[in-house]
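Engineer: Handing you this structure, nothing more for now.
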Amino acid sequence: MIEVKNLVRTFKSGDRTIKPVNDVSFMLEQGTLASIVGKSGSGKSTLLSLLGALDKPTSGDVLVNGVSLAGLPDGKLTEYRRRDIGFVFQQFNLIPNLSAVDNVMLPMEFAGIRKAARLERARELLEQVQLDPDKHGRRINRLSGGEQQRVAIARALANSPKLILADEPTGNLDEQTGEHIIELLSSLSRDHNTTILVVTHDRSLANKTDRRFRLQQGRLTEEAARSRAAAGAPA
Amino acid sequence: MSVLARSIGNAFRNKVRTAAVVAVLAVAIGLALAMLVANQAVAGKVAELNASVGTVLTVNPAGGQGFEGGGEPLTAEQAATAAAVPDVSTVVGTKALRLRNAAAAAVDAGAGGPGGQGGQGSQSATTVTTSLTAAVDAGTLGTRNQAAEGTTGATGTATAAPAFSVPVTATGIGAEVDTTGKALELTQGTGLGDYTVVSTGALLGTTLAEKNDLTVGSTFTVKDQSFTVAGLFDAGTAFGNNALYLTLPTAQTLAELPGELSTMIVTVNSLENVDAAKTALQAALGTDAADVSQGERNLETAVSSLGSVKNISFIAFVAALATAGLIILLIMVMLVRERRREIGVLKAIGAPNRTIGLQFVLEALVLVALGSVVGAAVASFASGGIASALISSNTATATVTTMAGQRGGPGIPGGMPGANPLGGASQLLTSVTASASPGVIAAGITAVFGVAVIGALVPALLTARIRPIEVLRGE
Ligand SMILES: Nc1ncnc2c1ncn2[C@@H]1O[C@H](COP(=O)(O)OP(=O)(O)OP(=O)(O)O)[C@@H](O)[C@H]1O
Ligand SMILES: [Mg+2]
């Protein structure tokens, strides 16, 4: 369960201060699949970075299963990112001189998992995101954008995190592969009780989520809730 | 993929840059190693010299330095006192005699008597006659010395002065050592056995024996007594070889001065104790009775000149080492800045600071390892040249100072026929050979790695300050 309380993040740009996240509060039960939509520059990535403990809020707090991130020292925050969070970056942020499989193994290495087990799980995850097996050993900078995106998703799943934060995970994918990724994420929330928050411009993806938020100039509003079963039905 | 594998991979990410960095590191490391090798070679030589000559003290009668000295001669009792001083391991007494060819002495007597001829001049040297002819020709120098000394008498006619002959030094020794305390180097025959009893055996310098057509077993006379050549020694110099050794009591008997010593050669048990022992010895014997001096002053000059080579090479070693460390520091700072975003990614996916820091230190060590391999190869070719260049530039000064010492020859305490400071010094200087021993190279590379770790630690710690949010920033 994740609870966000009056979260604010401001940036100074010149003599102007901008507030991409302005007094945001919401709560997600464990296992929820949620989406955030919003215009470019509305603060979606900024909000996600606060939830993933990549950045610290100007004010407000994030509570993960009742534990305040604001009160945790850096070492604990690192542990939180390693164990509890799977982050899919908008820009992928893979290590360019490592192979696909090595990139997926990295978070498991930091978690102290044995090499053989790491390799096995990494290959399994790359298969789940439908990356050609003969591309598993290929260096990242020799993969296409869509292939890199799927490696990034596989890496986010590596340590079986409780919360997945995905910033436009289907942005570079064709419709069919995108559908598959959506199906993969929703099965994780359904079968593994993983909380998933996706930022997307993709209406069809948003429509398949349990809860839908909209971010406008730093303010978060929730669209009318509807059940996942109803999601597939015509509006 | 482990941290180490990642570090190695990263070290080769930009191959051209890696090659350039390794080349620069190799120069610094190679220089450091070459300097260390030179330093070790010289240090080894200095230690060897100090061990061989540095522990010997010479005791002369007070005021007896130089042939015009006065004071009371040294005695056997004083030798016993010296032996009782702490840290003194051995005391060898000597009794010097000046031997003059019987025929030449007769001529001299007619011409107004011999002056001090210099060379062996200690006031306690007694002149006696011998059948031996000196192996050294008087030459211009000897004749001039003779004339200068002789004119205090009535002769005054330098042109009319008879051909001067250099005397032969006979030294009675209490053990088989030369007058500098070094073991005699016998080239033929045997020693004299027991040096504490009267004996008719004698040890001759090679040139002296040659000049007089003597070999082991031949006989000659001193003061009309017959002596047998028991062995030949080579002191390495013409002056040193124009001498003979007898047992101490024999020399004392010939001089008719039993129990009297010209000098005492005191060996101290270790180099560190020399200064203390010298002070203690001087106090025990009394300043009015004896002068204690550290022998081989000339060698000391050579040692100190080698010492400066040692210091120069050590400073150069440290400087080259620091340069290698600085190169690593700057390169790694650059790499950390360049990979800011990637470090952010690693943190964002949960890498602990120490893992990232370790990764960068290991990457630095990979570069240093490559630099060391190339640098060690450079050093093994360069160190010989560097060492000899360093030493030859210092030999000039050493030679000048030893020459100065030599010119004061007549005044050198106790004579010391065995010592040729000039020959010894230049010999020791050229005999320093710098060879890159694996041990020294290993020690040097260990130091290089130590410095590299320190150099890499700063940038590695800088990575700890990079925040994971860097991941969202554009390049
Ligand atoms: N470090 C920063 N310093 C100053 N301004 C920033 C910083 N990071 C983000 N911003 C600004 O905050 C606003 C929100 O940025 P953010 O990346 O969260 O937008 P977004 O909703 O993810 O947009 P997109 O859909 O294009 O990815 C933007 O106007 C951006 O310029
Ligand atoms: Mg964004």
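The values are calculated or read from the model by the stated rules, or taken from the named source; none is laboratory data. Just so we're clear, the structure is a prediction, and the values are computed from it rather than from any experiment. Every residue, glycine among them, receives a Cβ derived from its backbone with ideal geometry; neighbour counts consider all protein chains shown. Surface accessibility is based on the protein's heavy atoms, side chains included, excluding ligands, DNA and RNA. Shrake-Rupley method; radii C 1.70, N 1.55, O 1.52, S 1.80 Å.
Engineer: Measuring with a 1.4 Å probe in the full set of protein chains, what accessible area per residue, in whole Å², belongs to region A:2-201?
Structural biologist: That works out to 42 Å² for each residue.
Engineer: Give the residues of region A:151-178 whose amide nitrogen is closer than 17 Å to a point set 7 Å from the Cα of A:M1 in the direction of its Cβ.
Structural biologist: Taking a point 7 Å out along Cα→Cβ of A:M1, the residues of region A:151-178 whose backbone N falls under 17 Å are A:162-163.
Engineer: How large a share of the accessible area of chain A, in percent, is made up of carbon and sulfur atoms when the probe is 1.4 Å and the other protein chains stay in place?
Structural biologist: The computed percentage sits at 47.
Engineer: Tell me, how many Å apart are the Cα centres for region A:1-54 and for region B:449-473?
Structural biologist: So the separation of the two Cα centres works out to 30 Å.
Engineer: Mean residue ellipticity at 222 nm from the helices of chain A, using -39,500 (n - 2.57) per DSSP H segment of n ≥ 4 over the full residue count, to the nearest 500 deg cm²/dmol? Could the numbers behind the result be given before it?
Structural biologist: Values: 8 runs with 83 residues, N = 235.
Here the helix-only value at 222 nm equals -10500 deg cm²/dmol.
Engineer: Additional query: Any idea what the relative contact order of region A:2-201 is, in percent, if you count C-alpha pairs under 8 Å spaced at least 6 apart?
Structural biologist: 26
Engineer: Could you give the spread of the C-alpha atoms of region A:2-201 along their three principal axes, from largest to smallest, in whole angstroms?
Structural biologist: Answer, in whole Å and largest first: 50, 34, 33 Å.
Engineer: With heavy atoms of protein chains only and a 1.4 Å probe, what residues of region B:4-32 have at least 40 Å² less accessible area in the full set of chains than alone?
Structural biologist: Listed by number, the residues meeting the 40 Å² cut-off are B:R6, B:R13.
Engineer: Give the average, rounded to an integer, of partner chain Cβ atoms located within 10 angstrom of each Cβ in A:90-103.
Structural biologist: On the way: counts 1, 7, 1, 9, 2, 9, 2, 7, 5, 1, 0, 1, 4, 3.
The per-residue average across the peptide is 4.
Engineer: I'd like to compare B:34-42, A:47-55, B:199-207: which one has the highest average count of other Cβ atoms within 10 Å, and what's the full order after that? The partial results should precede the final answer.
Structural biologist: Details: B:34-42: 27.1, A:47-55: 24.7, B:199-207: 22.2.
So the order, starting with the most tightly packed, is B:34-42, A:47-55, B:199-207.
Engineer: Also, quick follow-up: Determine which lysines satisfy two conditions relative to B:K223: a Cα distance under 30 Å, and not lying fewer than 8 residues away in the same chain.
Structural biologist: Of all the lysines, those that pass the test against B:K223 - Cα under 30 Å, at least 8 places apart if same chain - are B:K95, B:K182, B:K211.
Engineer: Continuing with this model, one more query. Total accessible area buried between chains A and B, 1.4 Å probe, in Å² to the nearest 100?
Structural biologist: 2000
Engineer: Taking the alpha-carbon centroid of each part, what is the distance from region A:98-131 to region B:324-384 in angstrom?
Structural biologist: 26
Engineer: Compute the distance in nm between two label points, each set 7 Å from the Cα along the Cα-to-Cβ direction, one at A:K12 and one at A:T221.
Structural biologist: 3.3
Engineer: For region A:2-201, please report how many Lys pairs fall under 20 Å Cα to Cα, leaving out neighbours fewer than 8 apart on the same chain.
Structural biologist: Count of close lysine pairs: 13.
Engineer: Output wanted: per-residue J couplings in Hz (rounded whole) for region A:93-100, from phi through Karplus 6.51 cos²θ - 1.76 cosθ + 1.60, θ = phi - 60°, x for Gly and Pro.
Structural biologist: So the J values, rounded to whole Hz, are 6, 8, 7, x, 8, 9, 6, 4.
Engineer: Give me the distance in nm between label points sitting 7 Å out from Cα along the Cα-to-Cβ direction at B:T196 and A:S59, one decimal.
Structural biologist: 10.2
Engineer: For B:K310, list the aspartates and glutamates whose Cα falls under 18 Å from its own Cα; do not include residues on the same chain fewer than 8 positions away.
Structural biologist: Partners within reach: B:E48, B:E300.
Engineer: Kindly state, to the nearest 0.05, the FRET efficiency for B:V24 paired with A:A111, given R0 = 41 Å and r defined as their beta-carbon distance.
Structural biologist: That gives a FRET efficiency of 0.60.
Engineer: Now for a different question. With r as the distance between the Cβ atoms of B:R337 and B:S308 and R0 = 41 Å, compute the FRET efficiency 1/(1 + (r/R0)^6) and round to 0.05.
Structural biologist: Efficiency, from the Cβ-Cβ distance: 0.40.
Engineer: For region B:193-342, compute the orientation-averaged projected area of the C-alpha convex hull (one quarter of its surface), in nm².
Structural biologist: Spelled out: convex hull of the Cα atoms, projected over all directions, averaged, 17.3 nm².
Engineer: Here is a further query. Only sites in a loop by DSSP and with at most 16 other Cβ atoms within 10 Å count here; which trypsin sites (Lys or Arg not before Pro) in region A:60-117 make the cut?
Structural biologist: Taking region A:60-117 and a limit of 16 other Cβ atoms within 10 Å, the loop trypsin sites (Lys or Arg not before Pro) found are A:R114.
Engineer: Here's a follow-up. List for region B:440-475: residues with 20 Å² or greater reduction in accessible area, all protein chains versus chain alone, probe 1.4 Å?
Structural biologist: Output list: B:R467, B:P468, B:I469, B:V471, B:L472.
Engineer: Would you list, by chain and number, the aspartates and glutamates whose Cα falls below 20 Å from the Cα of A:K208, excluding same-chain residues fewer than 8 positions away?
Structural biologist: Of all the aspartates and glutamates, those that pass the test against A:K208 - Cα under 20 Å, at least 8 places apart if same chain - are A:E29, A:D167, A:E168, A:D174, A:E175, A:E179, A:E183, A:D191, A:E222, A:E223.
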